[in-house]
Amino acid sequence: MNDVFDVDKPAHAAARARLDTELIMWLITTTADGTPHPAPVWFLWHDGVFRIVSEPEAYKAQHLRRGSKAVLHLDGGRFGDDIAIFHGDVRLIPDGASDFLARFREPFLTKYEKSIDAYGMPIEELGRVFSTVIEFTPTRLTAWAT
């Protein structure tokens, strides 16, 4: 669903370009009482969908199971001058990491190999621990850049 990007807007083009290189996005969900809960996440962008792996009992997964809405946010620029906020629909896939790694192992490793090494957990173990997949399909993008 790449149509969330308006090619006539430079901020949209800048946001799209960053999806292949940025390592961290913020997934914001809400607690049961409506308090926002931001969490830094690794993500993979493919065919119009963000894919995020999560521990099944992480707060973000609990919030999404409960029906929390979510947004994804790219930080930007030293002066807040390159921001992207994605609004969209979320699907939680329990025990989806093995399928995710079967389909996206190479691009995930290409993007996160150094991070995985620094984390100190082999990719197979990472798939067992972070076994839930969050699929986020953006429906709207709010972005600005200088």
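Summary of computed values
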quantity	calculated
The stretch 98-146, residues that are closer than 24 Å to Ala13 by Cβ and in contact with a helix residue (DSSP H, G or I) (Cβ under 7 Å, 6 or more places away or on another chain)	Pro138, Thr139, Arg140, Leu141, Ala143, Trp144, Ala145
Matching option when the condition is among the charged types (D, E, K, R), surrounded by fewer than 19 Cβ atoms within 10 Å (Cβ to Cβ) and in contact with a strand residue (DSSP E or B) (Cβ under 9 Å, 6 or more places away or on another chain), among Asp117, Asp47, Asp82	Asp82
Among residues of the stretch 120-146, those that are surrounded by fewer than 19 Cβ atoms within 10 Å (Cβ to Cβ) and assigned to a strand (DSSP E or B), counted	7
Test: residue in the stretch 18-37 that is more than 16 Å from the chain's Cα centre (by Cα), under 24 Å from Phe108 (Cβ atoms) and buried (at least 18 other Cβ atoms within 10 Å of the Cβ)	no
Of the criteria (1) farther than 22 Å from Asp47 by Cα; (2) among the hydroxyl-bearing types (Ser, Thr, Tyr); (3) under 16 Å from the mean Cα position of the chain (by Cα), which one Tyr119 fails	(3)
Single unsatisfied condition, Ser54 versus (1) farther than 22 Å from Glu113 by Cβ; (2) modelled with pLDDT of 95 or more	(1)
Search result, residues across the stretch 21-41 that are in contact with a strand residue (DSSP E or B) (Cβ under 7 Å, 6 or more places away or on another chain), part of a loop (DSSP other than H, G, I, E, B) and not aliphatic (A, V, I, L, M)	Glu22, Thr31
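The values are calculated or read from the model by the stated rules, or taken from the named source; none is laboratory data. Quick caveat: nothing in here was measured; it's all calculated off a predicted structure. Positions of Cβ are generated from backbone atoms using ideal geometry, with glycine treated the same way; all protein chains shown enter the neighbour counts.
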